[in-house]
1. Tell me whether the stretch 346-356 contains one or more residues that are among the aliphatic types (A, V, I, L, M) and in contact with a helix residue (DSSP H, G or I) (Cβ under 7 Å, 6 or more places away or on another chain).
2. Which one of these does Ala139 not meet: (1) within 18 Å of Ala86 (Cα to Cα); (2) in contact (Cβ under 8 Å) with a residue 12 or more places away in the chain; (3) aliphatic (A, V, I, L, M)?
3. Looking at Lys304, Lys274 in this structure, which one is farther than 22 Å from Pro136 by Cα, touching a helix residue (DSSP H, G or I) at 6+ places or on another chain (Cβ under 7 Å), part of a helix (DSSP H, G or I) and assigned by TED's automatic domain parsing to the domain that holds Val250?
4. Is it true that Ser358 is surrounded by 13 or more Cβ atoms within 10 Å (Cβ to Cβ), hydroxyl-bearing (Ser, Thr, Tyr) and over 19 Å from Tyr201 (Cα atoms)?
5. Can Leu254 be described as over 20 Å from Thr41 (Cα atoms), of a type in the set (A, V, I, L, M) and assigned by TED's automatic domain parsing to the domain that holds Tyr201?
6. Keeping to the stretch 266-310, report how many residues are surrounded by 23 or more Cβ atoms within 10 Å (Cβ to Cβ) and on the phi > 0 side of the Ramachandran plot.
7. Residues of the stretch 59-99 being assigned to a helix (DSSP H, G or I), among the charged types (D, E, K, R) and surrounded by fewer than 15 Cβ atoms within 10 Å (Cβ to Cβ), which ones?
Amino acid sequence: MVSVPHGGELVQLDVVDPLNDAFNGYDKSLMLPVSKETEATVLNIASGVLSPLTGFMGEEDCKTVLDSMRLSDDTPWSIPVLLHVASSFTPQVRDEIVLTDEGGSPLANLLIDERFKIDRKEYAEKVYGTSDPAHPGVARIFSSPDSVLAGRIRRFAARPGDPFSDVTLAPRETRVLFGEKSWRTIVAFQTRNPPHLSHEYVQKTALAFADGLFINPVLGKKKVGDFRDEVIVAAYKALIRNYYPQNCCVLSVLHYEMQYAGPREAIMHAIMRKNFGCTHIAIGRDHAGVGSYYRPYAAQEIFKEFPDLGITPLFFREFFYCRKCAGMANEKTCPHGEDDHLTISGTRLRELLDGGESPPKEVMRPEVASVIMSDPDPFVR
């Protein structure tokens, strides 16, 4: 049976036509343009990905999440969901504002409950474990206003023209789909890269005991050197088409800005996939990490603090190809030394692909590599 939504109920907000009267007649001083990343957060609140949230967090929830990784009602939650605003934007509590995209089109109505300020250094140290501005998450919070609006999203405008609509499913849709497939155990796989053979091995190992696999690539803001969204989706389509039995997995993207918050973000990834209906989530080495800010398996260790999370983590060691084993292995299954192991760093892999050279088949499926190399510019520059 699919998992119970986080907090007990799946949030589904009313969707209206963008030209509906619901968004007309507002004073321009009550219209707030937001970034594409905040737009994705609004979408995830409205569709239930961030259940049980119905809007942006207030001060009490923000404090308890920072201090104890729980909402004020004791529901597990590890990263605050906040709406940062410039101090020059001055609506009052109980005002209803319109959030717009960067082009001025309406996204949602937000009824303001409160306004407060955060200590950005405290936020960084508690969420990311560091205040080093070289950390991309820290840089993001330091560049955001310390003024925050909290409130409930009342109505959400339909967003036309999504180029990934063929691989975009809301939680209410995945729950119906999993039920139609009679899947009782569903493993989620979080990714922000095209699949290596080690990723495939993790997925198929999990699939060996589960009914279904939910591959959920993250699309959105990227760092320089990351693979572009279109390339990630095309690469996964190629892998599934060529190497997976029919009806064993579902591919659906998640519009979401990676926080690179390591352990805390691993908990958020689990919560979001729980809302899609998944019963399990694969957690590998350095999940949601960046650089050397977190211990290699810190994102696995943190799950000990959440026995009531409602989704079961599956922990995996790092996989590699072993020449003597003649297959994929990890430190728990392979007795051979590093000289027998074939591993390629992410940096080296990108260099090969960027230079038009296909990685060894023991590292990446040739069909996947071909999709990447056929793109004229597969990387964020």
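1. Yes, the stretch 346-356 has at least one match.
2. In the conditions (1) within 18 Å of Ala86 (Cα to Cα); (2) in contact (Cβ under 8 Å) with a residue 12 or more places away in the chain; (3) aliphatic (A, V, I, L, M), Ala139 misses (2) alone.
3. Going through Lys304, Lys274 in turn, the sole match is Lys274.
4. Yes.
5. Taking the combined requirement at face value, the residue does not satisfy it.
6. So the answer is 2.
7. Those that are assigned to a helix (DSSP H, G or I), among the charged types (D, E, K, R) and surrounded by fewer than 15 Cβ atoms within 10 Å (Cβ to Cβ): Glu60, Asp67.
A quick yes/no check of all residues on (1) more than 25 Å from Leu251 (Cβ to Cβ); (2) of a type in the set (Val, Ile, Thr):
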residue: Met268; (1), (2): no, no
residue: His280; (1), (2): no, no
residue: Ala288; (1), (2): no, no
residue: Ala299; (1), (2): no, no
residue: Lys304; (1), (2): yes, no
residue: Asp308; (1), (2): yes, no
residue: Ile311; (1), (2): no, yes
residue: Phe316; (1), (2): no, no
residue: Phe320; (1), (2): yes, no
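The values are calculated or read from the model by the stated rules, or taken from the named source; none is laboratory data. For clarity, every value in this text was computed on a predicted model and none was experimentally measured. With ideal geometry, Cβ positions are generated from the backbone for all residues, glycine too; neighbour counts draw on all protein chains shown.
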